[in-house]
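Some notes on the structure that comes next.
The values are calculated or read from the model by the stated rules, or taken from the named source; none is laboratory data. This structure is a prediction, so every number in the text was calculated from the model and none was measured. Note: ideal-geometry Cβ built from the backbone for every residue, glycine included; neighbour counts use all protein chains shown. These accessible areas exclude ligands, DNA and RNA; they are computed on the full protein's heavy atoms, side chains included. Shrake-Rupley method; radii C 1.70, N 1.55, O 1.52, S 1.80 Å.
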Protein chains: 2
Amino acid sequence: MTPRATVYDVARAAGVSIKTVSRVVNGSDEVSKETRERVMTAVADLDYVRNPIARSLRTGSSDTIGVVVDSIADPFFASLVSVVEQLALAQDVSVLIASTGRSVSREKGQVLRLLQQNVGALLLAPNGHDHRYLLDAAPGMPIVLVDRGWELPGFDTVGVEDEDGGLRATRHLLAHGHRRIAFLGESPELTTIVHRQQGYLRALAEAGLAPAPELVRTDCSVAAAAAEATEQLLRLPQPPTAIFSSNPRASLGVVSALHRADRLDVALVSFGDFDLADALRPAVTVVDQDPGPLAQAAAVRVLARMRGQRLPPEDIVLPLQLVERGSGELRP
Amino acid sequence: MTPRATVYDVARAAGVSIKTVSRVVNGSDEVSKETRERVMTAVADLDYVRNPIARSLRTGSSDTIGVVVDSIADPFFASLVSVVEQLALAQDVSVLIASTGRSVSREKGQVLRLLQQNVGALLLAPNGHDHRYLLDAAPGMPIVLVDRGWELPGFDTVGVEDEDGGLRATRHLLAHGHRRIAFLGESPELTTIVHRQQGYLRALAEAGLAPAPELVRTDCSVAAAAAEATEQLLRLPQPPTAIFSSNPRASLGVVSALHRADRLDVALVSFGDFDLADALRPAVTVVDQDPGPLAQAAAVRVLARMRGQRLPPEDIVLPLQLVERGSGELRP
DNA sequence: CGAGCCGCTGACAGCGTTGTCACGGACGTC
DNA sequence: GACGTCCGTGACAACGCTGTCAGCGGCTCG
């Protein structure tokens, strides 16, 4: 392996100073056409590529974007990261990943770690409610909050109409005759879930129903917990005839439990699609929260900011679609 | 935001030279106890952290590991990346991701890009067969090939007993009375799939059966293609009574197609587990290829090498387990 | 015709770190 | 007492790049 060419090599080959090489490879316009061409030839000949590390040390920034999510293993975030990586690659931007495991303190640690690595931008699915630390830890850094974190003005946010989704899912079940509808959620730390639950409650209120506390579970952060919760719900003296599962991880658990208990008569709407949802019998009706467009919007935004575009912070809210497949149309 | 403290600040505070600070924070043992303590106090007082970028520029390496896989969106690789990231985090190592989309040239480009970023190690699920370019592009770099790439000596490899898995899956179906067993695979570029197919063929041969060409599909790289292939298989004059799907992505397609066609009598064994495989009716029998231990083994290995441990290259082959759940035990 | 400006270019410093090398003092050896 | 050795330490350069500033030639303008 021959060592990479540096600006000095190119400068020597082109008969110019290293500064001029720097100007050319950075697309500065204050270089004459002839000089530029001479340098470009040398660059091509020597197969020169800018050293991103030296660049980063000098400038204090870099063409790397830090992506901080709960877990890369979660299909939702996996898709998100995948899309971001694809779009980043197209602009020669690298992606550093960091997982929070839903922990506020770990999130903070990860963000600080990424900042030390001079990332040029951050894509963050935030935990908890207080993200002011971002303001003084990383002033001026392009930051896009994705999926969650509405309460923090000053940053771009990209998410979906959580409350509306919860509302429509619940209305859908009500419209099919259900009166005892369970809600499966998780930590009240997650603004998305809270909003979905608000939609659920609003739909019930519209229908003149009082929410039944025993039908609301907020401890279903993993599939197994949701399965367990489902079993318990089915054992209630007055069990639910329908379930609104507020995230796809929980839905996996619900589906497992319903199949195991042979209770395929229980209606189900899932917030968030998942693999095989349409292959099951009955196929699962979902409020489709596709990570693709979400990630796309977030990535486009953050990449634009990285390129130096000055944009006013914006809250992008993507619409949702209710996909009827069968499980949500069962009658009690 | 106050700017981070540098070695100079620490040196001044501790009354030593910057070099001594460097020695202390790098755990060099040629520093007297008193000096070390003085420096450590200053480090703590000033909240000093090494600047990884400057470090990387100076040393030509870094505490970052590059992970190159087909796609982060694939649950198998998502789990893998997730495990690697967790273990890396515990050692303050960062993870840069890069996807190949199964393209040999894109893989090469991504690897070179990561090398420019001074990654300290590479974890690679290789495409194609020729990886000698790694030898001169990154001599001496810790590289672990994961899941695939057996034909390349000189690197660590971590994988599973692909042929044995294919053998056992097919034997299992044969033992349950099947004689027409379809094989769903994909590109012959993927050594894993090829080996699984060899296992399939060997099992057939053991049973004295000639392989039926029309039952072997090697075009099922995505779920939709596998679904399509399944439908075509079922329409054959002599359709298969069992299917061996050689990867979980294909299995999703098979399951969808079987459910859609209401042909739940067709036996199925999947190489690789997937969500809901145990919730379906019948639940899907799998050769369990858990990405967890695979990733763990690979990560442990690569991290050890990054810490400078000199280890002879090793081929780690993890055992597989056949998980009977129902679909593989159906009789024709 | 000199002052001022503009377009292009280069010398140099410095980002924060680690590798090289040299030095002073303590100690052991003959 | 002269010498070599070892330990702890520091001065300095360098990694490859970009920001600052200055310089140079040619132009316009009063």
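Counting only Cβ charges, +1 for Lys and Arg and -1 for Asp and Glu, the dipole size of chain A around its Cα centre is about 640 debye. In the protein assembly as shown, the calculated helix contribution to ellipticity at 222 nm averages -13500 deg cm²/dmol per residue, counting -39,500 (n - 2.57) for every DSSP H run with n ≥ 4. Remark on B:Gly149: its backbone amide H falls under 5 Å from those of B:Thr191, B:Thr192, a criterion applied only to residues 5 or more positions apart or on other chains, H modelled at 1.01 Å from N. Each peptide in A:39-48, B:5-14, B:69-78 was scored by the mean count of other Cβ atoms within 10 Å over its residues; highest first, the order is B:69-78, B:5-14, A:39-48. Remark: mean inter-chain Cβ contacts per residue of A:76-89 equal 4, using a 10 Å Cβ-Cβ cutoff to other protein chain atoms. About its Cα centre, the dipole of segment A:18-169 is roughly 720 debye, where the only charges are +1 on Lys and Arg Cβ and -1 on Asp and Glu Cβ.
Buried surface between chains B and A: roughly 4200 Å² of accessible area, summed over both sides, computed with a 1.4 Å probe on protein heavy atoms only. To the nearest ten degrees, helix A:191-206 and the longest principal axis of the Cα atoms of chain A are 30 degrees apart. Give me the percent of the accessible area of segment A:181-261 that comes from carbon and sulfur atoms, probe 1.4 Å, all protein chains in place. Ligands and nucleic acids excluded, carbon and sulfur give 59 percent. On a per residue basis, the protein assembly as shown carries 42 Å² of accessible surface, using protein heavy atoms and a 1.4 Å probe. Measuring nothing but protein heavy atoms, the accessible surface of segment B:1-134 at 1.4 Å probe radius is 53 percent carbon and sulfur. Remark on A:Val216: its backbone amide H falls under 5 Å from those of A:Phe183, a criterion applied only to residues 5 or more positions apart or on other chains, H modelled at 1.01 Å from N. For a test of the definition: using alpha carbon positions, the gyration tensor, and the 1.5 limit on a/c, classify segment B:121-211 as rounded, prolate or oblate. Prolate, because a/c is 1.5 or more and a/b exceeds b/c.
Axis of helix A:162-175 versus longest Cα principal axis of chain A: the two differ by about 30°, to the nearest ten degrees.
The string of couplings for segment B:52-69 from the Karplus curve (6.51, -1.76, 1.60, θ = phi - 60°) is x, 6, 4, 4, 5, 4, 5, 8, x, 9, 6, 8, 10, 10, x, 10, 10, 9 Hz, one whole number per residue in order, with x for Gly and Pro. Among chain B residues, the beta-carbon with the smallest distance to the axis carrying B onto A is reported, with distance in whole Å, as B:Ala78, 2. Counting only DSSP beta bridges whose two residues both lie in the protein assembly as shown, roughly 10 percent are antiparallel. Put the Cα centre of segment A:296-332 next to the Cα centre of segment A:178-224 and the gap is 22 Å. For the peptides A:24-34, B:98-108, residues were scored by their other Cβ atoms within 10 Å and the scores averaged per peptide; the highest-first order is B:98-108, A:24-34.
Taking square-rooted eigenvalues a ≥ b ≥ c of the alpha carbon gyration tensor, is the protein assembly as shown rounded, prolate or oblate, where a/c under 1.5 means rounded and, failing that, a/b exceeding b/c means prolate? Because a/c hits 1.5 or more and a/b fails to exceed b/c, the protein assembly as shown counts as oblate. Taking every residue in B:59-71 and counting other chain Cβ atoms within 10 Å of its Cβ, the average works out to 1. Taking amide H positions as modeled 1.01 Å from N, with prolines and chain starts lacking one, no residue 5 or more places away or on another chain lies under 5 Å from A:His131.
Once the partner protein chains are put back, segment A:239-285 shows a loss of at least 30 square angstrom of accessible area, versus the chain by itself, at A:Leu252, A:Ser256, A:His259, A:Asp275, A:Leu276, A:Ala279, A:Leu280, A:Arg281 (probe 1.4 Å, ligands and nucleic acids excluded). If I fit a long axis through the Cα atoms of helix A:291-306 and take the longest principal axis of the Cα atoms of chain A, what angle between them do I get, 0 to 90°, rounded to 10? Orientation of helix A:291-306: about 30 degrees from the principal axis.
Remark: mean inter-chain Cβ contacts per residue of A:115-125 equal 2, using a 10 Å Cβ-Cβ cutoff to other protein chain atoms.
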